[in-house]
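Below is one structure, written out as structure tokens; the observations come after it.
Nothing in this text is a laboratory measurement; each read-out follows from the coordinates by a stated rule. Since the structure is predicted, the reported quantities are computational estimates derived from the model, not experimental observations. Please note: Cβ atoms are built from the backbone with ideal geometry, for glycine as well, and neighbour counts cover all protein chains shown.
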Amino acid sequence: MLALLNQQFIQYAFLAGTLISIICAIVGYFVVLRSQAFAAESLSCVGFTGATGAAIFGASSLVGTFFFTILIAFGFGTFGKRIKGRDIEIGMVLSFALGLGVLFLKLYTSNATEAVGILFGSILSVTASDLYLSLGTGTLALIILAVIFRPLLFASIDPEVAEARGVPVVLLGLIFMVLLGITIAEAILVVGVLLVFALLIAPAATAQHITNRPGVSIFLSIALGLLFTWGGMLLGLFFHTPVSFFIAALAAITYLAIIPLYHLISPHFYVSKAHHGREV
Amino acid sequence: MFEILQYSFIQNAFIASFFVAIIAAVVGYFLLVRGLTFAGHALSHVGFAGAAGAVLLGVDPIFGLLAFTIISGIGIGMLARVLKERDVTIGIFLTLALAFGILFLFLYQGYAEQAYSILFGTILGISTFNVFVTAIFSSISLLILLFLFRPLLFSSFDPEVAQARGVPVKLLGVVFLIFVAITVSISVQVVGVLLIFTLLVGPAATAMRVVKNPYLTIGLAICLGIAYSWIGIFIAAQTNLPVSFFIASLSFGAYLVVRLKEVIS
């Protein structure tokens, strides 16, 4: 078991997993705050098209995913002021994106294993170049996020007052969408297109159930994200089963367990925390 | 060009998709009217775990699909009012279901090919047995829906007045989700878990933007659904490309045309 940790592919996997769960936790905090879960799901489905489409140009699937998610995120940020809820439009675009992905898959890759890798993640086969790419973009995303942190928080919690105070709400929304695109492309590397929720939404949603304070909440969601990723990888290696199964299962079970538990311990904390721009 | 229609696997595909398109259009219409499109999406993902579990047990995937989606349909129906933060909670349930789906498929040695066919559909490989299952489930559901049609329509458009008039709104809601579950299960064979929107929501959403009358809308949605599936299968058989891609493109294209026309006028 411990000898396994000396293997290079395992070290790559742990490095990439650690970095990506930190970024996901921070960006995920804002996604939950801004109720953009459905937009996140759309972007990850588009990522599938990107990953399979990359094969046409002989690029790595991570590059394709980056390209497509950032492009679509830019579109969402520019045109869609209301990318909320379960719009039929988004659903139709999603299905079409996936349909296109199936076509690319059929045309340029012969085996279904690759599709399963994209859909359910393949962290154990991360290459050095993938690692450097996610390291570079991830660090950049974190720096940008650190710079816009306060205005973004303000704009997310109370867009109208922020607007009145001169915060560029629309621009911030656009920048955040692009950051979300980058984050999702990286998350797909670890857990795949279909399980992005596990790293992006679950830690942040769990943390926001426990505390209202932004700083504490973000740290808690980073801690949870790391716990899920590391735990998932160790369990996956130990039992020789897909890593993404354990990451998703740990994340989902923690979220589902924390609500009744917290409700039980301190009912008065569990009042509606709804605020502007948040779906109830 | 048309000689492929004589192959029995093409005929099976045409017959099965005919039944699927009819029930999907009817159920899809009510899904839209009731604002439950996300539930359709959710049920199909849960179905993936069921199908994978059935494969593991050596049973036909359709039974796993039916079992899992019907149970979750009832669950969603009962919990619908209670759950707060629906998007996040449902999203996390989906993630869990998909995770178990991949685990089941991993435990089963067939792995990738099976996953692929559940996720993206394999209408051209449908067995005669599954054609029968599809036809029977579709016909029975249609008959019952016909019987429930008026109260369901009433309770979808105006639940409060319907309730006051003595229509069992809540029970109808749960019963309806059972039909959604059945429809999703048989539609998965045509377009797969991930593209369920194209057959379930696509035709009805397009039809609703063309005509207003419920009966005409449903009729048009049925025609569109059958047209998408048949044209999709026909082109796919000619070109040897995935059926679900063509169905998704037709569904998306038609919706786009209607939507753009609306924007312009």
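Numbers for the structure displayed
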quantity	calculated
Nearest-0.05 FRET efficiency for A:ASN212 and B:CYS223, computed from C-beta distance (R0 60 Å)	0.70
B:ILE226, B:ILE231 arranged by Cβ crowding within 10 Å, fewest neighbours leading	B:ILE231, B:ILE226
Cα principal axis extents for the stretch A:3-269, largest first, Å	54, 42, 33
Dimensionless Rg over Rh [the stretch B:88-228; C-alpha; Kirkwood]	1.02
Approximate spin-label separation B:VAL211-A:LEU124, in nm, with each point projected 7 Å along Cα-to-Cβ	5.5
Per-q log10 I(q)/I(0), the stretch B:19-164, q = 0.09, 0.14 Å⁻¹ (Debye; single scatterer per alpha-carbon; no solvent)	-0.33, -0.78
q = 0.08, 0.11, 0.13 Å⁻¹, the protein assembly as shown: log10 I(q)/I(0) [Debye, one scatterer per Cα]	-0.50, -0.97, -1.36
P(r) of the stretch B:161-265 over all Cα-Cα pairs, binned every 5 Å from zero, in whole percent	2, 12, 17, 19, 18, 14, 9, 6, 2, 1, 0, 0
Kirkwood hydrodynamic radius (C-alpha pairs) into Stokes-Einstein, chain B, 37 °C and 0.692 mPa s, D in µm²/s	175
Sorted by Cβ density within 10 Å, fewest first, the residues A:HIS240, B:HIS41, A:HIS209	A:HIS240, A:HIS209, B:HIS41
Lysine pairs with alpha-carbon atoms under 22 Å apart, the protein assembly as shown, spacing 8 or more or separate chains	6
